[in-house]
Amino acid sequence: MTLDFQALPKAEVHIHLEGCLDLDEVVALAQEAGVPLPRPRAELLHFSGLSDFLDFLDWTCSLYRTPDQVAAAAYAFSRRMSASGALYADVIVNPTHWPHWRRDLGGFIGALDAGFCAAELDGLPPVGLCVSLLRQQSAEEAIELVDLLAALRHPRVVALSVDGNEKFAGRTGPRFAEAFRRAGAAGLKRTVHAGESSGPEGVRDALDYLGADRIDHGVRAIEDDDLVARLADRQIPLGVCPTSNLTLGLYARLEEHPIERLRKAGVPVSVNTDDPELLEIDLPKEYARCAAAFDWSAETCRNVAATSIRACFAGDEAKTRMLAKVATW
Ligand code: ADE
Ligand code: ZN
């Protein structure tokens, strides 16, 4: 039986705009601006690990200087979502990667919103914006960002996020607790990268200190049975990105990836791409790879897609409409 994963109605809930910028366009922008490539074109996507990968994001995003360039990147993101058959996406954007916009959050969100609005008018899927802190930021910087978001109250912004490398930052749950508390009080959802560059302790801190509604990755929770039981009891969704975890060195083979053990333990898991342009992957192929590796039936694929929709930060009515479509696949 061949399954059509492009046609499977689903949401993408763990994807970074920084990891979706078209590489040919990035190279063209660098040439236009007279900025040298960090390494030869053919080796641009050779990453030695997460740190090297995050440094590359700093470089690519530094080339986006005008509102039109940012809006075009947002529009292209929506086109990518449409091509993958996602009905909705929550996109993570981390202002620390975008040096020309760090001091103009309102202008940055406005430019992104212009691109997403134009895309929706053209029939492309709706997108919610998760504005992200970097793990290395201070408590004060985190609170400043959240207070700005709370003052802006931009309808495009659905969540506060935190990403980056936990290995470098150490344990930062307590450091960001107040910022995440304020985000919750301002009506924002909370999504937290943990259990990728941290072990189960990072996932526990995401729950205990940051009030996470959803966890990005979270896969290393598998190393702690009590934590797995807690995630299942509380039905905390994990936005899992299997190929990203393989490419960035967490697991050697997909068959060793814990997504299936987490799913079987009752943890709500969805399949996502993280940084598809840089990892050279797409969402339908990620579903296909998982289905092949773990022998998923059509019913299991439908359940995982339904989980992605329940886990997304769209409104309840939109979710009900999307869930009804999954049943017809
Ligand atoms: N930013 C973009 N991709 C990321 C990842 N896999 N982990 C942490 N931060 C990220
Ligand atoms: Zn991520």
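The sole residue among 324, 292, 252, 314 that is without any contact (Cβ under 8 Å) to a residue 12 or more places away in the chain and not in a helix (DSSP H, G or I) is 252. Filtering the stretch 288-308 to residues that are farther than 21 Å from residue 322 by Cβ and charged (D, E, K, R) leaves 289, 295.
Rundown of residues vs (1) hydrophobic (A, V, I, L, M, F, W, C); (2) in a loop (DSSP other than H, G, I, E, B); (3) without any contact (Cβ under 8 Å) to a residue 24 or more places away in the chain, yes/no style:
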site: 179; (1), (2), (3): yes, no, no
site: 190; (1), (2), (3): no, no, no
site: 212; (1), (2), (3): yes, yes, no
site: 216; (1), (2), (3): no, no, no
site: 236; (1), (2), (3): yes, yes, no
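The residues listed here are 255, 277, 286, 317; of these, the one that is at pLDDT 95 or above, farther than 26 Å from residue 159 by Cβ and among the charged types (D, E, K, R) is 255.
Within the stretch 150-175, the set of residues being touching a strand residue (DSSP E or B) at 6+ places or on another chain (Cβ under 6 Å) and either in a helix (DSSP H, G or I) or at pLDDT 95 or above (or both) comprises 156, 157, 158, 159, 160, 161, 162, 163. Does residue 41 count as among the charged types (D, E, K, R) and away from ligand 2 (no atom under 16 Å from the Cβ)? Yes.
Within the stretch 33-55, being among the small types (Gly, Ala, Ser), within 24 Å of the chain's Cα centre (by Cα) and open to solvent by 60 Å² or more (accessible area, probe 1.4 Å) holds for one residue alone: 48.
The residue of the stretch 148-177 that is nearest to residue 90 (Cα to Cα), among those that are open to solvent by 70 Å² or more (accessible area, probe 1.4 Å) and of a type in the set (D, E, K, R), is 153. Scanning the stretch 56-102 for residues that are away from ligand 1 (no atom under 13 Å from the Cβ), assigned to a helix (DSSP H, G or I), buried (at least 20 other Cβ atoms within 10 Å of the Cβ) and not hydroxyl-bearing (Ser, Thr, Tyr) returns 70, 71, 73, 74, 77, 80, 81. Among 80, 65, which is the only one that is within 19 Å of residue 278 (Cβ to Cβ) and of a type in the set (Lys, Arg)? When all the criteria are applied, what remains is 80. For the stretch 194-217, a tally of residues being within 16 Å of ligand 1 (Cβ to nearest atom), under 16 Å from the mean Cα position of the chain (by Cα) and open to solvent by 10 Å² or more (accessible area, probe 1.4 Å) returns 2.
The values are calculated or read from the model by the stated rules, or taken from the named source; none is laboratory data. Not measured: the values here are computed from a predicted model. With ideal geometry, Cβ positions are generated from the backbone for all residues, glycine too; neighbour counts draw on all protein chains shown. SASA here: full protein model, heavy atoms, side chains in, ligands and nucleic acids out. Shrake-Rupley method; radii C 1.70, N 1.55, O 1.52, S 1.80 Å.
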